[in-house]
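Values quoted throughout were computed directly from the atomic coordinates according to the rules given, and no laboratory measurement underlies them. Bear in mind that the values here come from a model prediction, so they are computed numbers and not experimental data. Glycine also receives a Cβ, built like all others from the backbone with ideal geometry; neighbour counts cover every protein chain displayed.
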DNA sequence: GCCATATTTAACTCAGTAGTTGATAAACCA
DNA sequence: TGGTTTATCAACTACTGAGTTAAATATGGC
């Protein structure tokens, strides 16, 4: 149930993208994820909730810690959407369109 | 605001994604773009402004009309970011392994 | 049971955004 | 010229979202 609205909205925030970058290197706890940022742990906790609701992370339990792990499916889905809208407007297509346009004007 | 902030934020709205889908088939005017939606032309005009500020569309002039064209560069940038953050060890590797397995069975 | 650590929840502020209606601007047409 | 079409701007409402501080919850060590 990967929702593009939620995925793109989650990716629109630089803090959340940095968290994803960090998690691409391996799982981490909220405390570890908060460390590089000048915002409170509570704010990070909210960001993690957004990422979780978008399906971009899953969370485990290790004593008091709630380690986060990246979940790639929503990234794949959004990449697929972008690719589907990119291929039709790539350079070859633009050139073809331009050629047809020119042919219509000067037969 | 980074370009990625603006691009992903623009892509997070279903109306704007539908507009992009429409524009992938060729350029269109605000009036044409507004037609499928149950919202006012003014609201569409705001959406187009968001897309323009994100660099996702460019606009021309044809009499009273302001035809919109898709601009693919921001889509490329966001696709690049996503591609760089897919976890390359788990699922991707599994898919490759499956592919190799299939190739071994049916050369 | 009690205390420290790690994290979440609650309540609030502030800014931004999606939508509305009404007015305005620009280009064509008769 | 005056009227029509096309699109934007202005002002406003309602909602969402990122951040805060303070309180609550969960877990392990003693």
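Here is how the numbers come out for the structure above:
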{"item": "Whole-angstrom gap from the stretch B:1-75 to the stretch A:1-57, using each part's C-alpha centre", "result": "28"}
{"item": "Shortest-first nm distances, residue B:41 label point to equivalent points in other copies (7 Å, Cα→Cβ)", "result": "5.6"}
{"item": "Cα shape, the stretch B:32-73, gyration tensor, a/c 1.5 rule", "result": "oblate"}
{"item": "Calculated label separations, residue B:69, copies of the chain, 7 Å along the beta-carbon direction, nm", "result": "4.8"}
{"item": "Overall form of the stretch B:1-90 per C-alpha gyration tensor (a/c, 1.5; a/b vs b/c)", "result": "prolate"}
{"item": "Inter-copy spacing of residue B:58 label points, which lie 7 Å from Cα along Cα→Cβ, given in nm from shortest upward", "result": "4.5"}
